[in-house]
1. Which one, 68, 127, 86, has the greatest fluctuation when you compute a Gaussian network model over the chain with C-alpha springs under 10 angstrom?
2. Taking R0 as 35 Å, what FRET efficiency do you get between residue 2 and residue 175 from their Cβ-Cβ distance, rounded to the nearest 0.05?
3. Using 0.36 nm per residue of separation minus the Cα-Cα distance, give me the extension gain between residue 165 and residue 147 in nm, one decimal.
4. What is the extension gain from residue 45 to residue 33, computed as 0.36 nm multiplied by their sequence separation minus the C-alpha to C-alpha distance, in nm to one decimal?
5. Can you bin the stretch 102-167 into rounded, prolate or oblate? Criterion: square roots of the alpha carbon gyration tensor eigenvalues sorted a ≥ b ≥ c, rounded for a/c under 1.5, prolate for a/b above b/c, oblate for the rest.
6. Using helices alone, I'd like the mean residue ellipticity at 222 nm for the chain: each DSSP H run of four-plus residues gives -39500 (n - 2.57), total over residue count, nearest 500.
7. Determine the distance separating the Cα centre of the stretch 135-164 from the Cα centre of the stretch 1-26; give it in Å without decimals.
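Readers should treat all values here as calculations from the given coordinates under stated rules, not as data from a laboratory. This one's a predicted model, so the numbers in the text were calculated from it and none came from an experiment. A quick note on method: Cβ atoms are made from the backbone with ideal geometry, for glycine too, and the neighbour counts reach across all protein chains shown.
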């Protein structure tokens, strides 16, 4: 797996996998929010915002194992398959969800992993890439939001050192936005 910046050619696939990932959470995604999640082009063009993708450039591990066991030729790598995506905000901008308390706050949003590949470490790799890029940009703190039902994401964040900041929780309509922070 490799992480890279999204290109225009990726936008449709990012939109699909993001909607699939959010809907797999049994989360109600209304038309307005679905449109927001699917509007990858606006995110990619926004000030201080970068859309990243995780891409699988290796053949399916089960197919490789089966081919080796059977003494057959190893299947070729797929042309390209997006596994997940995340939107990184550095220095504020329209996609930064929180009021910056600290000069140098940054964040990420819309972390989504294709449900077919969840559990393969895609989410943690995307978060690690966000942290690496934020540190390289001189950011001092990562501030992110989540919801109560995104418990798998919470475990990833906690393993990476994020701490809950309930004093900064927000209400997004009728959804409670849980704040997590990490000093960089």
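1. 68
2. Details: r = 33 Å, r/R0 = 0.94.
The computed FRET efficiency comes out at 0.60.
3. On the way: separation 18, 0.36 × 18 = 6.48 nm, distance 1.31 nm.
That works out to 5.2 nm of additional length.
4. On the way: separation 12, 0.36 × 12 = 4.32 nm, distance 1.86 nm.
Extra length from residue 45 to residue 33 when fully extended: 2.5 nm.
5. Details: a/c = 2.23, a/b = 1.39, b/c = 1.61.
Judged from the Cα gyration tensor, the stretch 102-167 comes out oblate (a/c at least 1.5, b/c at or above a/b).
6. -10000 deg cm²/dmol
7. 19 Å
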